[in-house]
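Just so it is clear, none of the values below were taken in a lab; they were calculated from the coordinates. A quick note: this is a predicted structure, and the numbers were derived from the prediction, not measured. In this analysis, Cβ positions are derived from the backbone assuming ideal geometry, glycine residues included, and neighbour counts consider all displayed protein chains.
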Amino acid sequence: MECRLCGHLSTHKHGKAPNGTQRYFCPVCKQTFNERFDTLYYHRHVTPEQIRHVLQAHSEGSSLRGISRTSGLAYNTVVSIIRAGSVQAQLVHNAEVQSVQTEEVSADELWSFGAKNRSNASPKS
């Protein structure tokens, strides 16, 4: 397994965490980590199903307090999950957008929106 901290390719198993997940040790950076490191599940005492429920309810437009009530999680936990999900989504988006090759961009909707607003904003004589 690749080290999630320094990228070294040769890590080895280093026991198990109390929750049963496999721990790994990197001989280069001398750090231990587990499979969940740098994911939404790292250092959280919630199930993956609860995290999916929170993110899906948020994407559907539910309020944070409503999500807290329906999921049974604390409000601050819901906010933390959504913030962490947002950071992960932004990283994925940035990686995918950088690999897209384009030659030209169409901005028709932007121009029509700007022209429409300009005509509404200017005083009519």
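Measuring from label point to label point, each 7 Å out along Cα→Cβ, what is the ALA89 to THR21 span in nm?
2.2
Around ALA74, what is the net charge, scoring Lys/Arg as +1 and Asp/Glu as -1 over all other residues with Cβ under 15 Å from its Cβ?
Net local charge, ALA74 excluded: +4.
How high is the FRET efficiency between LEU5 and LEU64 when r is their beta carbon distance and R₀ equals 25 Å, given to the nearest 0.05?
In this case the efficiency is close to 0.20.
Give, as a single signed number, the net charge of other residues whose beta carbon lies under 15 Å from the beta carbon of SER10, with Lys and Arg counted +1 and Asp and Glu -1.
Residues near SER10 contribute +2 overall.
Can you pull out the trypsin sites (Lys or Arg not before Pro) in region 4-89 that DSSP calls coil and that have at most 12 other Cβ atoms within 10 Å?
Those satisfying the criteria are LYS30.
Please give the net charge around HIS53, taking every other residue with its beta carbon less than 13 angstrom from that of HIS53, where Lys and Arg add +1 and Asp and Glu add -1.
0
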